[in-house]
1. Among the residues of the range 418-442, which ones are more than 20 Å from E345 (Cβ to Cβ) and not in a strand (DSSP E or B)?
2. Six or more apart or on different chains, Cβ under 6 Å: which pairs go from a residue in the range 76-100 that's over 20 Å from G178 (Cβ atoms) to one that's charged (D, E, K, R) and in a loop (DSSP other than H, G, I, E, B)? Could you list them?
3. Residues that are closer than 30 Å to L35 by Cα and touching a residue at least 12 places away in the same chain (Cβ under 8 Å): list the helices (runs of 4 or more DSSP H) wholly contained in the range 230-346 that include at least 3 such residues.
4. If you take the residues in the range 153-198 that are among the polar types (S, T, N, Q) and over 19 Å from G400 (Cα atoms), which one is surrounded by the most Cβ atoms within 10 Å (Cβ to Cβ)?
5. Does at least one position in the range 360-382 carry a residue that is without any contact (Cβ under 8 Å) to a residue 24 or more places away in the chain and either at positive phi or part of a strand (DSSP E or B) (or both)?
6. Filter the range 420-460 down to residues that are under 21 Å from Q340 (Cβ atoms) and aromatic (F, W, Y) and give me whichever is surrounded by the fewest Cβ atoms within 10 Å (Cβ to Cβ).
7. Touching a strand residue (DSSP E or B) at 6+ places or on another chain (Cβ under 8 Å), surrounded by fewer than 22 Cβ atoms within 10 Å (Cβ to Cβ) and not β-branched (V, I, T): does that describe F73?
8. Hey, could you check the range 104-119 for residues that are in a strand (DSSP E or B) and without any contact (Cβ under 8 Å) to a residue 60 or more places away in the chain and say which is nearest to R86 (Cα to Cα)?
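Nothing in this text is a laboratory measurement; each read-out follows from the coordinates by a stated rule. What you see is a predicted model; the values in this text were computed from it and never measured. Neighbour counts are summed over all protein chains in view; Cβ atoms, including those assigned to glycine, are modelled from backbone coordinates with ideal geometry.
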Amino acid sequence: MRRSLLVLVAAVAPAVLGAQSPTRPFGTLREQAALQQRWLERRLVTVLPMLMRKHGVDMWIIPMREYNEDPTFSSLVAPTTFAARRRTIYVFFDRCAAGGRADPGDGSCIERIALGGTTQGGLYEAHRAAASVDAGAEARRAELVGDEQWNALRQIVEQRNPRVIQINVSRTFAFADGLTAGERDGMTEALGARWAARFRSTDALPVEFIATRVAEEAEYYPRLQELVWSLTQRMFSSEVIRPGVTRTSDLVWWWRQTVNDLGLTTWFQPSITVQRRGATAAQLGEDPIIQRGDVLHCDVGIVALGLATDTQHNGYVLLPGETQPPAGLQQALRNANRLQDITMEELRPGRTGNEVLASALARMRSEGITGTLYSHPIGKHGHGAGPLVGRWDAQDGVPGSGEARVVANMWYSIELQASTPVPEWGGQLVRMAQEEDAIIGPDGRIRWALRRQSNLFLVQ
């Protein structure tokens, strides 16, 4: 009978998992928060005005309640804010567009108002109640709560007379569907028919606001990638793997523990899989012991400074006497690399995800490669806001979310697989699944956030 996972890990931990010494790869929490706050200010000053004008919106209202926050919430608040304050209503109003004035480019055109909640480090004008309460040594203005918030919202709207009021309601994108039924009913009742008639739901505004990254984030993101690469290379090495002893689940929990010890987290449970000559997936089972001659695959991610990564790398466990993988396995990796090249060439602003998918797959087939493409945006979320480029089970296009358009300053996980018959394995198909994060710059050009894997990691 197979021993339990806990007993197995305890037995092999000294040799397989190794001693961990937590470090701070991105500085202290305080230092990280200061960096994230600068990024937030940059986004509110530059990205927000641009997108509101692009989509013809002069007021954007985002109401939410504690623990039921709008998906835009994490893109709007300081790193020290973890939830809405009972109810928070964010209001953005473009004074320059409403008044026909030119934008000076310093963010001053957009009013940023918080009805409930804080100033987010001075980035919002926090409206308070008229009455004061005794807070011990000093009196302070009470928070707006309940109907006071809706009354204050109506006053703000009436004073500014917006032509178009964006609300976040969508049947396509979860990222654009943050307005709950209760909050919509409350806001509609408070504002009345006149202002409710000016509500408009534009998927692209919240989706693109979440998706668009600033230059300072793009400059920092390679540091996250460097860490991921160092960890995957370490995991797929003899430091961590003992052929004939280590199970795939040991690597899963090695990853989770190592990332945790670094003071970081992940947005999904990592996965480790094995391909073996002459063995099917069913024969290998869900948690096989890694053996010499195995092809290894990982799907892993980390979250740091409010940014997510998503990476798939491959390794090979050398047979006795081998110093390199069989040539057929190397060719299999090259085929996946070629599909990466094709996808990068086709992924550009202005195209829909379905257009990118169709053209990339057509080129793949013309070059005799067998594979599938299922890339997605990444950034604030692992499966980020923006158009999907296929799904593993939808290679003819993705309705709705595949019809959105790629924009500049968006990041993508280039996720795909190519399956190649390997002569050394008797023609058995070997699936090389790869995933690397890429950055689309302000000029529309795309580049790897760091690099892509062109050689299998080797376990001696």
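1. P423, E424, W425, G426, G427
2. D94/D58; C96/D103; A97/D58; A98/D58
3. Numbers: elements: 248-261, 281-284, 327-346.
Hits in the range 230-346: 248-261.
4. Here the answer is Q166.
5. As a first pass, look at the range 360-382 and keep what is without any contact (Cβ under 8 Å) to a residue 24 or more places away in the chain: 362-363, 365-366, 368.
Filter again for either at positive phi or part of a strand (DSSP E or B) (or both), leaving 368.
Within the range 360-382, one or more residues are without any contact (Cβ under 8 Å) to a residue 24 or more places away in the chain and either at positive phi or part of a strand (DSSP E or B) (or both).
6. W448
7. Values: touching a strand residue (DSSP E or B) at 6+ places or on another chain (Cβ under 8 Å): yes; surrounded by fewer than 22 Cβ atoms within 10 Å (Cβ to Cβ): yes; not β-branched (V, I, T): yes.
For F73, the condition - touching a strand residue (DSSP E or B) at 6+ places or on another chain (Cβ under 8 Å), surrounded by fewer than 22 Cβ atoms within 10 Å (Cβ to Cβ) and not β-branched (V, I, T) - is met.
8. Looking only at the range 104-119, we keep the residues that are in a strand (DSSP E or B), and these are 110-115.
Now drop any that are not without any contact (Cβ under 8 Å) to a residue 60 or more places away in the chain, which leaves 111, 113-115.
Values: E111: 22, I113: 16, A114: 13, L115: 11 Å.
Going through the qualifying residues, I end up with L115.
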